[in-house]
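Colleague: Sending over a structure as structure tokens; questions will come in a sec.
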Amino acid sequence: MKILKRYFSKQLIAIFIMLFLILTGLAWMMQIMSMMKFLLKYGINISDFLGLTSLMIPFIASIIVPFVCFISVIFVYNKMIADNEITVMAASGLSPWQIARPALRLGIVLMIFNLVLNLWIVPKTQALFYDTQWNLQYGMAHMKLQESAFTEISHGLVVYVDSVSGHDLGQVMLSDMRDEENPSMIFAEKGKLISTVRGLSLAMMNGSLQSSGDAMITGTFETFDMDLNVVDKAGNNSFRVRRIPTLDLLKVAFDAATEKQHKMVLTELANRFISPVMNLVLAALCAVILLRSSLLRRRTSFAPIIAVASMACVMALYMSSSNMITSLTDLCMLGLGVGLVLIIILMVLAKK
């Protein structure tokens, strides 16, 4: 029996790792392609860009793990049924429950792995992703001024500097044409780039300002601050539930500001706590359909098709139910429903 367990486990683990790496890599490449405009627009370094997109890998993995688990089980068990290995095992006295144990063990391990991803790793990496994305767009990393050259910071906002030393600037000229009816021109002896929660700010010293709107305005100043990117960091990351730590998310579930936020929090809690159980549900579902059908000893079996269709129905029902949660009672009912489905599948599998 131990030999059979090792035999099953090696095949399941090998197939899972191969499929997991392939599908995760493809999903990551799709993420890179979708963010290519971000790379071209802001002129970010390739290393920074790859580092940013790699922060999405844990989130991608948390989504695809249950599906990869199902595919691994259906591939290995269907192959062994086709080679009559399952038939020989059943004839030697092994029950479907015993034969299904490696698949169930894989489902339990992946359930724990997925739970760790959802509860700790994904929130941390998502928070880092959004913070890094904001800094690359609007922070110091975005601003790369060149000496004796005009730099267009945003549409209608152009800066010229004579010298650059870190964040200190010398002989600054700034043209602000963002408001076409009230354009302005600013000259300053010195300037300094400052990072704020609203993005970059340019502090200028000892200069003059000219503004032409309904009337020409001119003046001098000792210090003058201008926001170069009027983007509120807190507003830009407004209530992204994936970046909220799990303990904080549980607190928000009881005092969300709006009904929409409350629903988003409950859906995210379902994804974090209940979706990992789907690894075990799908593994058990695939095993029970394939093994029970193999005992019928039919030459032509539609078990793989039935298993795939059943998986699609179960996942569609789960995802639609998780998106319809409006209260903590609904969340508990969804968890009980998933647990009940798992118990029924295991009972059918254990039945002699």
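Colleague: Taking R0 as 41 Å, what's the FRET efficiency between residue 332 and residue 179 from their Cβ-Cβ distance, rounded to 0.05?
Modeller: Working: r = 54 Å, r/R0 = 1.31.
Efficiency computed from Cβ-Cβ geometry: 0.15.
Colleague: According to a simple spin-label model (label point 7 Å from Cα along Cα-to-Cβ), what is the distance in nm between residue 98 and residue 203?
Modeller: In this crude label model, residue 203 to residue 98 measures out at 7.7 nm.
Colleague: Need one number: nm distance between label points at residue 2 and residue 306, each 7 Å from Cα along Cα→Cβ, rounded to one decimal.
Modeller: Result: 3.6 nm between the two label points.
Colleague: Between their Cα atoms, which of 2/351; 37/251; 79/351; 5/79 are more than 27 Å away from each other?
Modeller: On the way: 2/351 22 Å; 37/251 37 Å; 79/351 23 Å; 5/79 16 Å.
Over 27 Å Cα-Cα: 37/251.
Colleague: Given 209, 174, 163, which one lies farthest toward the positive end of the charge dipole of the stretch 149-228, if we put +1 on the Cβ of every Lys and Arg and -1 on the Cβ of every Asp and Glu?
Modeller: 163
Colleague: Also, quick follow-up: Which ³J(HN,Hα) values, rounded to whole Hz and listed in residue order, are derived for the stretch 183-188 from phi using the Karplus coefficients 6.51, -1.76 and 1.60 in 6.51 cos²θ - 1.76 cosθ + 1.60 with θ = phi - 60°, glycine and proline given as x?
Modeller: Taking θ as phi minus 60°, the curve returns x, 9, 9, 10, 10, 8 Hz for the stretch 183-188.
Colleague: For residue 163 and residue 119 in one chain, what is 0.36 nm times their gap in residues minus the Cα-Cα distance, to one decimal in nm?
Modeller: 11.0 nm
Colleague: First check a/c for the chain, with a ≥ b ≥ c the square roots of the eigenvalues of its C-alpha gyration tensor; if it is under 1.5, answer rounded, and if not, answer prolate when a/b is larger than b/c or oblate otherwise.
Modeller: prolate
Colleague: If you average the C-alpha positions of the stretch 64-114 and of the stretch 18-63 separately, how far apart do those two centres end up, in angstrom?
Modeller: After rounding, the separation between the Cα centres reads 32 Å.
Colleague: Follow-up. Counting only helical runs of four or more DSSP H residues, what would the 222 nm mean residue ellipticity of the chain come to if each run contributes -39,500 (n - 2.57) and the total is spread over all its residues?
Modeller: -19500 deg cm²/dmol
Colleague: Using a Förster radius of 25 Å, what is the FRET efficiency between residue 251 and residue 340 based on their Cβ-Cβ separation? Nearest 0.05, please.
Modeller: 0.30
Colleague: Something else: With angles folded into 0 to 90 degrees, how steeply does helix 328-350 sit against the dominant principal axis of the chain? Use alpha carbons for both and round to 10.
Modeller: The answer is roughly 30 degrees.
Colleague: Sort out the exposed loop chymotrypsin sites (Phe, Trp or Tyr not before Pro) in the chain (DSSP loop, at most 11 other Cβ within 10 Å) and tell me the longest stretch that has none.
Modeller: Of all site-free stretches, the longest is 1-253.
Colleague: Here's a follow-up. How about the stretch 256-346: which trypsin sites (Lys or Arg not before Pro) there lie in a loop by DSSP and see at most 12 other Cβ atoms within 10 Å?
Modeller: On the way: sites: 260, 263, 272, 292, 297, 298, 299; in loops: 297, 298, 299.
Hits after loop and neighbour filter: 297, 298, 299.
Colleague: Efficiency by 1/(1 + (r/R0)^6): what FRET value for residue 149 and residue 45, r their Cβ-Cβ distance, R0 = 22 Å, to the nearest 0.05?
Modeller: Once rounded, the FRET efficiency stands at 0.70.
Colleague: Still on this structure, please answer the following. Given contacts defined as C-alpha pairs under 8 Å and at least six residues apart, what's the relative contact order of the chain, whole-number percent?
Modeller: Relative contact order of the chain: 17 percent.
Colleague: Once both labels are modelled 7 Å past Cα along the beta-carbon direction, what's the residue 87-residue 194 spacing in nm?
Modeller: A separation of 8.1 nm, rounded to one decimal place.
Colleague: How much net charge surrounds residue 127 when only other residues with a Cβ under 10 Å from its Cβ are counted (Lys, Arg +1; Asp, Glu -1)? Walk me through the intermediate numbers first.
Modeller: Working: positive: 124, 240, 242, 243; negative: 131.
Around residue 127, the charge tally is +3.
Rule-based calculations on the coordinates, nothing more; no lab input. None of the values given here were measured: they were computed from a predicted structure. Here the Cβ is made from the backbone with ideal geometry for all residues, glycine too, and neighbour counts use every protein chain on show.
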